[in-house]
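Each remark here refers to the structure printed beneath this line.
The values are calculated or read from the model by the stated rules, or taken from the named source; none is laboratory data. Quick caveat, the model's predicted, so the values are computed rather than measured. Quick reminder, even Gly has a Cβ in these numbers, built from the backbone with ideal geometry, and neighbours come from all protein chains shown.
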Amino acid sequence: MEKILLAAPRGFCAGVAFAIEVVDLALKAYGAPLYVRHAIVHNEWVVKSFEARGVIFVEDVSEIPDGMPVVFSAHGVSPEVRRVAAERNLTIVDATCPLVTKVHNEAKHYAKKDYFMIYIGHEGHVEAEGTMGEAPERMVLVETPADAENLQIPHYDNLAVLSQTTLSVDEVMATMAVLERRFPHLVKPPKGDICYATTNRQAAIRAMAEQCDLFLVVGSTTSSNSNRLREVAEQFGAEAHLLMSPDQIKPEWRTDYKCVGISSGASTPEVLVEDIIGSLLNGRTIPVEVVETVKEDINFRPNRELIELAQSR
């Protein structure tokens, strides 16, 4: 190994940083145990660190005792989940990423105007389930261009398209091209649904991947955006792997590749990236070059009421 190229931007996006801050504040405001519906973000390290502080992660709000606080994860929830939470008198603390909320609001907007919606997303992903829950009777999911080619929908005068925020930019464009050809009257939101962080992290890898023999994405296998980063690196010709810890590093990665590229998913703490780099170097002096393609300066602030409640405890 002659050098390591480190992608910038990488790691935590504003939505993940926001969600983690919300759980941190909720712990201070309400104490433990604190219930969170679904993994706050798709990273086991983050989840385990919160579990050590008394956070209990559940998949169904019916598992939470009546009257307790509940944090909704960064991925968002359907109106049905909100209804059940209200029925059980749970105190809702919402950590939904504002960019996911934007897509929910688009779904509500189009539903009110009698649109049928095509949602580009991953079957079973919690973000997809939450967004499609806004109008389940008038929304259908497609995952790939082939799905779009074979899609049969009821006749609607008004047709719109939405997408999950963490998908591959290239794959969504390919799927969108098929949908626009098949349904010329398809309406798209004024601003695309794929979030800025997903776009920026994929662009950084595109700028680097051709220089790299090996590309390592630090992130969880359950993280949609991390998996997409690995796929982008592969598309540009690099051997690519997704990993979370140094014990997943293969010995030949330290010796058989001249240039190793590294990035990390939007829910990956920087400490995990540092651990991987340290293990790759293994005490050797090898240059680590940062390749910065864009500066990110977006921040989301938790609501004032939660901040003040946490400060008062």
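Quick one: in the stretch 66-78, of everything that is of a type outside the set (Gly, Ala, Ser) and surrounded by 14 or more Cβ atoms within 10 Å (Cβ to Cβ), which residue is farthest from SER267 (Cα to Cα)? Explain how you work it out, then say what you get.
Of the stretch 66-78, the ones of a type outside the set (Gly, Ala, Ser) are 66, 68-72, 75, 77.
Add one more test, that the residue is surrounded by 14 or more Cβ atoms within 10 Å (Cβ to Cβ), and what stays is 68-72, 75, 77.
On the way: MET68: 27, PRO69: 24, VAL70: 21, VAL71: 17, PHE72: 16, HIS75: 12, VAL77: 18 Å.
Taking the candidates together, the pick is MET68.
Filtering the stretch 187-202 to residues that are at pLDDT below 95 and either under 20 Å from TYR110 (Cα atoms) or of a type in the set (A, V, I, L, M, F, W, C) (or both) leaves LYS188, PRO189, PRO190, LYS191, GLY192, ASP193, ILE194, CYS195, ALA197. Restrict the check to the stretch 275-286 and report whether at least one residue is under 21 Å from LEU229 (Cα atoms), buried (at least 17 other Cβ atoms within 10 Å of the Cβ) and of a type in the set (Val, Ile, Thr). Yes, that holds for at least one residue.
Of the residues VAL55, VAL47, VAL100, VAL77, which single one is of a type outside the set (Phe, Trp, Tyr) and over 18 Å from the mean Cα position of the chain (by Cα)?
Working: VAL47 fails: over 18 Å from the mean Cα position of the chain (by Cα); VAL100 fails: over 18 Å from the mean Cα position of the chain (by Cα); VAL77 fails: over 18 Å from the mean Cα position of the chain (by Cα).
VAL55 is the lone residue from the list that is of a type outside the set (Phe, Trp, Tyr) and over 18 Å from the mean Cα position of the chain (by Cα).
Tell me, yes or no, whether the stretch 34-51 has at least one residue that is under 11 Å from LEU90 (Cα atoms) and either in the same structural domain as MET244 (by TED's automatic domain parsing) or surrounded by 13 or more Cβ atoms within 10 Å (Cβ to Cβ) (or both). Yes; the residues of the stretch 34-51 include at least one that is under 11 Å from LEU90 (Cα atoms) and either in the same structural domain as MET244 (by TED's automatic domain parsing) or surrounded by 13 or more Cβ atoms within 10 Å (Cβ to Cβ) (or both).
Please work out if LEU141 is outside the structural domain of LEU243 (by TED's automatic domain parsing) and in a loop (DSSP other than H, G, I, E, B). Taking the combined requirement at face value, the residue does not satisfy it. Residues considered: ALA85, ALA111. Of these, the only one that is surrounded by fewer than 23 Cβ atoms within 10 Å (Cβ to Cβ), out of contact with any Gly (no Cβ under 8 Å at 6 or more places or on another chain) and under 30 Å from ALA32 (Cβ atoms) is ALA85.
Looking at ILE118 and the list (1) within 26 Å of VAL58 (Cβ to Cβ); (2) not in a helix (DSSP H, G or I); (3) not hydroxyl-bearing (Ser, Thr, Tyr), which single condition is not satisfied? The single condition ILE118 does not satisfy is (1). Scanning the stretch 254-273 for residues that are farther than 12 Å from LEU6 by Cβ, at pLDDT 95 or above and not in a loop (DSSP other than H, G, I, E, B) returns VAL271, LEU272. All but one of (1) modelled with pLDDT of 95 or more; (2) over 30 Å from VAL187 (Cα atoms); (3) not small (Gly, Ala, Ser) hold for LYS112; state the number of the condition that does not hold. Going through (1) modelled with pLDDT of 95 or more; (2) over 30 Å from VAL187 (Cα atoms); (3) not small (Gly, Ala, Ser) one by one, LYS112 breaks only (2). Residues in the stretch 144-166 that are crowded, with 22+ Cβ neighbours inside 10 Å and in a helix (DSSP H, G or I): ALA148 alone. Among the residues of the stretch 211-226, the one identified as surrounded by fewer than 21 Cβ atoms within 10 Å (Cβ to Cβ) and over 26 Å from ASN282 (Cβ atoms) is THR222.
Going through SER245, SER263, SER312, SER223 one at a time, which residue ends up being within 27 Å of GLU21 (Cα to Cα) and touching a strand residue (DSSP E or B) at 6+ places or on another chain (Cβ under 8 Å)? Give the steps one after another, and end with the answer.
Numbers: SER245 fails: touching a strand residue (DSSP E or B) at 6+ places or on another chain (Cβ under 8 Å); SER312 fails: touching a strand residue (DSSP E or B) at 6+ places or on another chain (Cβ under 8 Å); SER223 fails: touching a strand residue (DSSP E or B) at 6+ places or on another chain (Cβ under 8 Å).
Only one candidate qualifies: SER263.
Per-residue answers, yes or no, for (1) of a type in the set (Asp, Glu); (2) touching a residue at least 40 places away in the same chain (Cβ under 8 Å); (3) at positive phi:
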| residue | (1), (2), (3) |
| --- | --- |
| HIS104 | no, no, no |
| GLY133 | no, yes, no |
| GLU137 | yes, no, no |
| VAL142 | no, no, no |
| ALA160 | no, yes, no |
| GLN164 | no, yes, no |
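May I ask you to verify whether GLU171 is outside the structural domain of VAL77 (by TED's automatic domain parsing), charged (D, E, K, R), at pLDDT below 95 and assigned to a helix (DSSP H, G or I)? Criteria met by GLU171. Kindly establish whether GLY265 is surrounded by fewer than 14 Cβ atoms within 10 Å (Cβ to Cβ) and either more than 20 Å from GLY219 (Cβ to Cβ) or not aliphatic (A, V, I, L, M) (or both). The answer is no for GLY265. Residue check: GLY237 meets all listed conditions (1) buried (at least 22 other Cβ atoms within 10 Å of the Cβ); (2) more than 15 Å from ILE4 (Cα to Cα) but one, namely (1).
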